[in-house]
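Working notes, beginning with the structure itself.
What follows draws every value from the coordinates through simple rules; no lab data is involved. Here the structure is a predicted model, which means the values were calculated and not measured. As a convention, Cβ positions derive from the backbone with ideal geometry for all residues, glycine included, and neighbour counts pool all protein chains shown.
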Amino acid sequence: MSDAETKAEGGRKIRIVVAKPGLDGHDRGAKIIARALRDAGMEVIYTGLHQTAEQIAATVIQEDADAVGLSILSGAHMTLVPRVVELLRAEGVEDVVLTVGGTIPADDAPELKRLGVAEVFTPGASTDEIVSFVRTAVDERRTLAAQTS
Amino acid sequence: MAVEPGSRRRAHQWLTEVYAEQAEREALFETISGHEVRPLYTEDDLAEWEPERDLGFPGEHPYTRGVYPSMYRGRLWTMRQFAGFGTAEETNERFRYLLDHGQTGLSTAFDMPTLMGLDSDHARSLGEVGVEGVAIDTLDDMVDLFAGIPLDRVTTSMTINAPAAILLAFYVCAAEDQGVPPEALGGTIQTDILKEYIAQKEWCFPIEPAMRLVTDVVEWCAERMPRWHPISISGYHIREAGSTAQQELAFTLKDGFTYVEQAIARGLDVDDFAPRLSFFFNAHIDFFEEIAKYRAARRIWARQMRDTYGASRPESLRMRFHTQTAGVSLTAQQPLVNIVRTAIEALAGVLGGTQSLHTNSYDEALALPTPEAVRIALRTQQVIAHETGVTNTVDPLGGSYFVETLTDEMERAAYEYFARIDELGGMVEAIKRGFPQREIADASFRYQQEVDSGKRVVVGVNEYRLADDEELELHRPDPAIERKQAQRLEGTRARRDSAAIERALGALKEAAASDRNLMPHFIDAARARASEGEMVAVLQEVFGSYTEQPVF
């Protein structure tokens, strides 16, 4: 991956927080994604396990992240995701690309998207698919931000 | 094995002259763990192999062929489906459903707050109460969980680790409530804290005090619970975290040896506790590699227990294990295909000589299973047991050139890892340095790349896909559970004697700071209706807590 490709419109590398909210310890997926995103040239901040929504929102703000990927395999996504969204909104963060991955029943995806989740990835999603989604989505937001500013 | 020179020449000649002329498919000829598989195995591969030394007879050292002489001709494996969700009452109902459908043992899944030592009304428990397992806060919950199930007549497995000693205390008191003494209780509590730091990641305390709690349980059970398995040394979660079969085998056994060393250091006689240690392995989709893994595991354990730890009772050398099919092999796409995967994995467990088996349900890549999916999973075991004929003879694959070679190779790979871990100063040190964690992360990333690049075919995921996957009826956690459980806990708190709680927790804290065994204190606190979260919090004041340095 060339540097030119990994830098979106704004010119800087994409910064993404990979986070594990809640209590489940299933970090295989989060670590694979973190590594794939890093190998694709992004700056990856992996929070580690058992993060509260408050901790995740604080990390996103502190790291000035372009995107955040939440990995949840505990079934608690309908509680944890809205909480993260709410906290980010309360801090005035509107332009971060939020994705969710894990054991998420298909029925829950529309509701998560309505809340502002850009995409939901379930078991079987390829790392390529996720990398290119994040890149495109961040590019679009940066373009939009450049046009409106 | 004595090999005729003529035959060896013939095998070599066949490979170089006949096989070399054949065209091969474009495919990865290696196991799912990346272990190379050759086109043909012959007696040539077993040149160093001595059946008397390496194979033996079933029920005899080194137990490669199985831990009992008659294996499934004498008694089938225990069909033990892991279950738990909601409050104790809902799970009790599922337990009775499974027993009514021919299941022969119980296995309890606890929810995440229970695994992490948090009460259901803790802020961090929000959204997780009763979702991935049953919520247990106090003895009252444990009593309801087994209501109407005579605890002296079923065996129970409990998958809990960091707070295992506390949950065991609840169980002992729940049995007491039924009039059953600890001596009469049969079953298993996982208590395998090392693999938590390696893979499963549900912890409460730093490693050293957590190891002390493990030994407290082992010691107490050796005295009071002769039918109980105080630790289930588990490779399952290591494999689910993305390890290879070789890593699962090596790290699990090394964890086991570490517990043995610690109990010996406490002053226990190895033959007093080793017979009650049991194991828990994954059954992944690479059929022969899995079978070789189980056979190698038994052989390594027997040899090490005898030769390194001086065990002499045959029961101390016999590795008995539970198997669960690989959750990680299940796909969210075309989920009914998971029934096929699970059947093949379960068959590997049976041909590998497992003592008990859990088969996953086809919908588990999406949610907790529905009763219908659980029933099919149980039926899968019943078909293997009663229709396929594989139970008619002991170790049907014994002597197979391929399986025996793989078993040898698996054993060698484990010893290579043992040496690397010893160089780091043993398993506890290796974990602190992130060694097993990094090995697993590397293996799981390598595998994912093979799948993403299409080098490894996963049916329905990167080949043979459908535009639209079939819709399934899924289990939905009941949003009212959280409130219901909080009310249960509130009720218990209102009924109990707060002076007694204070006394029990004070005594527990004092004992934690000494080197006394904590089990009697957990039992006292449980009887007084102290909650799990309260006991863990008191211990954390003495022990501290744990934060991982993540590696990826």
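Observations, loosely collected:
- Of the residues B:F280, A:V120, A:I104, the one whose Cα sits farthest towards the positive end of the charge dipole of the protein assembly as shown is B:F280 (charges of +1 on Lys and Arg Cβ, -1 on Asp and Glu Cβ, taken about the Cα centre).
- Axial C-alpha extent at least 18 Å, average Kyte-Doolittle at least -1.0 - helices from chain A (DSSP): A:77-90, A:127-148
- About the Cα centre, charge dipole magnitude for the protein assembly as shown (Lys/Arg +1, Asp/Glu -1 at Cβ), debye: 880 debye
- Over all Cα atoms in chain B, the spread is summed up by Rg and Dmax: 23.9, 85 Å.
- The smallest convex shape that holds all Cα atoms of the range B:27-129, its convex hull, gives 238 Å³ per residue.
- By average C-beta atoms within 10 angstrom, highest first, the peptides B:339-347, B:321-329: B:321-329, B:339-347
- Charge dipole of chain B about the Cα centre (unit charges at C-beta), most positive-ward option of B:W203, B:T325, B:I136: B:I136
- Compactness index (Cα Rg / 2.2 N^0.38 Å), the range B:434-552: 1.79
- Square roots of five times the Cα gyration tensor eigenvalues for the range B:286-404, Å: 30, 16, 13
- Sorting the segments A:92-105, B:453-466 by their mean number of nearby beta carbons within 10 angstrom, highest to lowest, gives A:92-105, B:453-466.
- Note on the protein assembly as shown: Kirkwood hydrodynamic radius from all Cα pairs is 26.5 Å, rounded to one decimal.
- Dmax and Rg, reported as Rg then Dmax, of the range B:472-511 (C-alpha, Å): 17.0, 53
- Environment charge of A:I56, counting only residues whose C-beta is closer than 12 Å and scoring Lys/Arg +1, Asp/Glu -1: -2
- Between 0 and 90 degrees, the angle of helix B:245-265 with respect to the longest Cα principal axis of chain B falls at about 50 degrees.
- Number of partner chain Cβ atoms within 10 Å, mean per residue of A:27-37: 6
- Distance cut-off 27 Å, percentage of C-alpha pairs in chain A lying past it: 14 percent
- Greater than 26 Å apart at Cα, pairs in A:K20/B:K195; A:K31/B:K455; A:K31/B:K432; A:K20/B:K432: none
- Charge dipole of the protein assembly as shown about the Cα centre (unit charges at C-beta), most positive-ward option of A:A57, B:H101, B:V458: B:H101
- C-alpha center-to-center spacing [the range A:117-132, the range B:116-163] in angstrom: 34 Å
- Inverting the pair-averaged 1/r between distinct Cα atoms of the range B:426-474 gives 13.7 Å as its Kirkwood hydrodynamic radius.
- Take every DSSP beta bridge whose two residues both sit in chain B; close to 5 percent of them are antiparallel.
- Helix B:532-543 axis, angle to chain B major axis (alpha carbon atoms, nearest 10°): 80 degrees
- Over the range B:340-453, relative contact order from alpha-carbon pairs under 8 Å, at least 6 apart, %: 16 percent
- With contacts taken as Cα pairs under 8 Å and at least 6 residues apart, chain B reaches a relative contact order of 19 percent.
- Measuring between their Cα centroids, the range B:309-324 and the range B:222-298 lie 9 Å from each other.
- For the peptides B:22-28, B:380-386, residues were scored by their other Cβ atoms within 10 Å and the scores averaged per peptide; the highest-first order is B:380-386, B:22-28.
- Relative compactness, the range B:7-53, computed as alpha-carbon Rg over 2.2 N^0.38 Å: 1.41
- Computed from Cα atoms alone, the Kirkwood hydrodynamic radius reported for the range B:490-544 is 11.2 Å.
- Scattering profile of the range B:72-397 at q = 0.10, 0.13 Å⁻¹ [log10 I(q)/I(0), Debye over alpha-carbon scatterers]: -0.54, -0.96
- Total charge dipole magnitude, chain A, about the Cα centre, Cβ charges on Lys, Arg, Asp, Glu only, Debye to nearest 20: 220 debye
- Relative contact order (%) - criterion: Cα under 8 Å, at least six apart; region: the range A:18-98: 39 percent
- Note: the range B:353-437, Cα convex hull, 167 Å³ per residue.
- Degrees separating the helix B:164-177 axis from the principal Cα axis of chain B, which is the longest one: 60 degrees
- Unit Cα scatterers, Debye sum, the range A:50-124: log10 I(q)/I(0) for q = 0.15, 0.24 Å⁻¹: -0.45, -1.15
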